[in-house]
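Readers should treat all values here as calculations from the given coordinates under stated rules, not as data from a laboratory. The shown structure was predicted, so the numbers you read here are calculated from the model rather than taken from an experiment. Using ideal geometry, Cβ is built from the backbone for each residue, glycine included, and neighbour counts are taken over all protein chains shown.
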Amino acid sequence: MNAIEIKNINKSFGDTQAVSDINFSVKKGELFGLIGPDGAGKSTLFKILTTLLIPDEGNATVSGFDTVKDYKRIRKIIGYMPGKFSLYQDLSVQENLNFFATIFGTTIEKNYHLIKDIYVQLEPFKNRRAGKLSGGMKQKLALCCALIHEPEVLFLDEPTTGVDAVSRAEFWEMLKRLKAHGITILVSTPYMDEASLCERIALIQEGKILQIDTPQNITNSYSKPLFEIKSHDFYQLLKDLREEPFTERVEPFGEYLHLTTNSDISSNSISEILEKKGHTQIEINQAIASIEDVFLDLM
Amino acid sequence: MENNAITAIGLTKKFGDFTAVNAITFEVKKGEIFGFLGANGAGKTTAIKMLIGLSRPTNGQATVAGFDVFKQTNRIKENIGYMSQKFSLYEDLTVKQNINFYGGIYGLSRKKIIEKTASIIENLNLRSYANKVVGDLPLGWKQRLSFAVASVHDPKIIFLDEPTGGVDPATRRQFWEMIYEASNNGITIFVTTHYMDEAEYCHRVSIMVDGKIEALGTPRELKERFKVNSMDDVFIQLARG
């Protein structure tokens with residue numbers, strides 16, 4: 001049995017189709033990423049799966065339970081960390097944790113093994129009010145509260161948005177350890193560079209799934225010739241390449257431009273053309289597609 | 001000095017016993033896209049407040065757009081633009097009204113405001129949105145409009161606070177193209193972010209840790225120095241000490 005099964009899910013708010021015809025499943029024990037920008041429909045899908053919204057069409061199950069009919073069963077066996085910080089700001093770290101343990105009919109002691117690695121970092125602040133914690137600490141506390149009843153499936157909606165690179169890296173390390181406990185994790189993020197940390201991902205944009213596969217297969221699926229290029233005048237280079245007939249698309253990609261060509265033109269030929277246009281210090285290499293390249297191509 | 005948009009020497013800010021910014025020294029060249037990076041709490045915000053004339057330094061010296069951060073804070077404010085991730089646009093005003101409002105705030109003449117409004121709407125292809133309230137604009141449009149509004153008074157330097165969080169890859173690139181265009185026109189761009197992949201788009205970056213600038217260079221130099229493949233890894237090495 002799959003941990004999550006989603007079939008033909010549609011949901012609109014007024015005229016806005018938030019998610020349309022979503023189909024995918026998440027295997028038991030899998031770390032699955034839902035990757036897409038703000039407004040793509042990630043949070044709507046999370047709310048449907050966590051029984052907080054009823055879909056207009058289609059159905060979904062979590063651990064075999066239907067999200068509409070069996071919502072009470074689902075709520076007992078999932079952990080949910082919403083995108084917006086939703087703990088009690090006026091309660092201390094320890095009080096929040098106690099509260100969530102109690103409403104799920106358990107105790108901190110009983111499931112301490114699950115949160116131990118995370119909680120040790122919070123322990124020095126255990127009497128501090130949740131509202132007074134830093135972004136990274138809030139995120140850790142929210143994760144502890146979502147875990148304290150030993151859920152079968154964990155839903156993390158943009159857990160790393162707004163936290164710094166160190167906290168983000170630590171957070172992903174924690175997710176890997178939780179996976180080792182057999183917990184299924186569905187995590188969403190707008191940051192494409194986090195995709196490679198998941199076992200499988202779904203790329204989502206404007207309510208539709210663009211592709212579902214392992215991050216490796218998704219980047220390998222980019223079959224067009226791709227180059228990274230720079231020259232002494234980055235902005236002029238962008239404008240010049242856009243004029244060329246061999247250019248399918250060209251966009252800034254950090255230090256380089258990424259150029260996708262529509263023919264088998266060699267990097268030497270491109271370089272010569274650019275030299276004729278007055279570019280110097282030209283650097284051109286064949287590039288390996290990233291998740292962002294694929295996303296741009298599928299959009 | 002003439003070629004620098006920003007020069008800071010030993011710039012320091014103390015709150016009581018706590019040193020939030022500890023003698024930072026750096027220069028930003030005219031037309032440069034400079035990334036100002038650091039973890040939450042590293043002192044970025046305090047440093048920027050000093051640079052834009054909102055907080056008086058405890059020690060050191062700095063000039064921004066040629067003006068002194070101690071004595072000429074009003075001149076600084078006239079010569080810089082500021083855009084935050086939250087956007088300073090009024091959601092209940094139309095596109096035109098927002099441009100008008102900011103043009104007025106910066107003291108542009110009526111004639112100039114009309115010109116600017118027309119050129120922004122033209123350049124951003126916003127004609128069909130001109131009389132719609134900003135709240136109804138897609139995120140990507142808001143972002144570009146927000147940048148245009150921050151530049152309405154032709155500032156010498158634009159400060160961008162986490163400009164592209166959460167947008168799709170295409171929108172993000174359109175935004176960076178605007179930044180490159182501005183930089184190409186000689187406008188200096190000062191970007192703060194804690195998203196390191198954004199840092200890769202900057203000409204040079206500095207990384208603040210505990211109030212000090214611990215690294216400064218092009219993204220490539222920093223990756224080579226720390227022998228890693230991404231700015232994320234540079235940052236993690238530095239911040240974890």
Exercise for review: Could you tell me the distance between the Cα centroids of region A:108-159 and region A:199-250, to the nearest Å?
Suggested key: 38
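Calculate the dipole size of chain A relative to its Cα centre from +1 charges on Lys and Arg beta carbons and -1 charges on Asp and Glu beta carbons; express the result in debye to the nearest 20.
Values: 33 positive and 41 negative charges, 325 e Å.
Its charge dipole is roughly 1560 debye.
Please give the FRET efficiency for A:Leu298 paired with A:Ser134, using the beta carbon to beta carbon distance and R0 = 45 Å, rounded to the nearest 0.05.
On the way: r = 36 Å, r/R0 = 0.81.
For A:Leu298 and A:Ser134, the calculated efficiency is 0.80.
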Check your understanding: Using alpha-carbon positions, what is the distance between the centroids of region B:13-38 and region B:52-117, in Å?
Key -> 20
Review point. Once you average over the residues of A:246-255, how many Cβ atoms of partner chains fall within 10 Å of each Cβ?
Key: 5
Review point. Mind checking the angle between helix B:139-150 and chain B's longest principal axis? C-alpha axes, 0 to 90 degrees, to the nearest 10.
Key: 80
Study note, to complete from the structure: Per-residue ellipticity at 222 nm attributable to helices in chain A (runs of n ≥ 4 DSSP H, -39500 (n - 2.57) apiece, nearest 500 deg cm²/dmol) works out to -10000 deg cm²/dmol
Practice item. Please list the non-local residues whose amide H lies under 5 Å from the amide H of B:Tyr82, H modeled 1.01 Å from N, same-chain partners needing a gap of 5 or more. Key: B:Phe159
Review point. How do A:Ser86, B:Ser206, A:Ser92 line up, fewest other C-beta atoms within 10 Å first?
Key: A:Ser86, A:Ser92, B:Ser206
Revision key, fill the gap. For the pair A:Lys116 and A:Asn217, the simple spin-label estimate (label points 7 Å beyond Cα toward Cβ) gives in nm 3.6
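Please go through the residue pairs A:Lys28/A:Lys72; A:Lys7/A:Lys42; A:Lys69/A:Lys116; A:Lys27/A:Lys76; A:Lys27/A:Lys47 and name each one whose alpha carbons sit more than 23 Å apart in this structure. Working shown, then result.
Numbers: A:Lys28/A:Lys72 20 Å; A:Lys7/A:Lys42 16 Å; A:Lys69/A:Lys116 35 Å; A:Lys27/A:Lys76 19 Å; A:Lys27/A:Lys47 19 Å.
Checking Cα-Cα distances, A:Lys69/A:Lys116 exceed 23 Å.
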Check your understanding: How many nm separate the modelled label positions at A:Ile108 and B:Ser84, each set 7 Å beyond the Cα in the direction of the Cβ?
Key -> 3.4
**Study point:** C-alpha long axis of helix A:135-147 to longest principal axis of chain A, angle in °
**Key:** 50
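Compute the whole-percent fraction of alpha carbon pairs in region A:226-298 spaced more than 13 Å apart.
Working: 1604 of 2628 pairs.
Considering region A:226-298, 61 percent of its Cα-Cα pairs are separated by more than 13 Å.
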Study note, to complete from the structure: Each label sits 7 Å from Cα toward the beta-carbon; between A:Lys84 and A:Asp70 the label points are separated, in nm, by 3.0
Point to revise | Computed helical MRE - 222 nm, chain B, DSSP H runs ≥ 4 contributing -39500 (n - 2.57), nearest 500 | key: -11000 deg cm²/dmol
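What is the gain in length, in nm to one decimal, between B:Phe101 and B:Asn229 on full extension, counting 0.36 nm per residue of separation less the C-alpha to C-alpha distance? Can you show the working numbers first?
Values: separation 128, 0.36 × 128 = 46.08 nm, distance 4.46 nm.
Full-extension gain reported as 41.6 nm.
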Point to revise | Nearest-0.05 FRET efficiency for B:Phe15 and A:Asp56, computed from C-beta distance (R0 51 Å) | key: 0.45
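Please compute the length gained on full extension between A:Lys126 and A:Ser12, using 0.36 nm multiplied by the number of residues separating them and subtracting their Cα-Cα distance.
Details: separation 114, 0.36 × 114 = 41.04 nm, distance 4.16 nm.
This chain segment gains 36.9 nm when fully extended.
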Study note, to complete from the structure: Nearest 10, in degrees from 0 to 90: the angle of helix B:110-123 to the longest Cα principal axis of chain B is 80
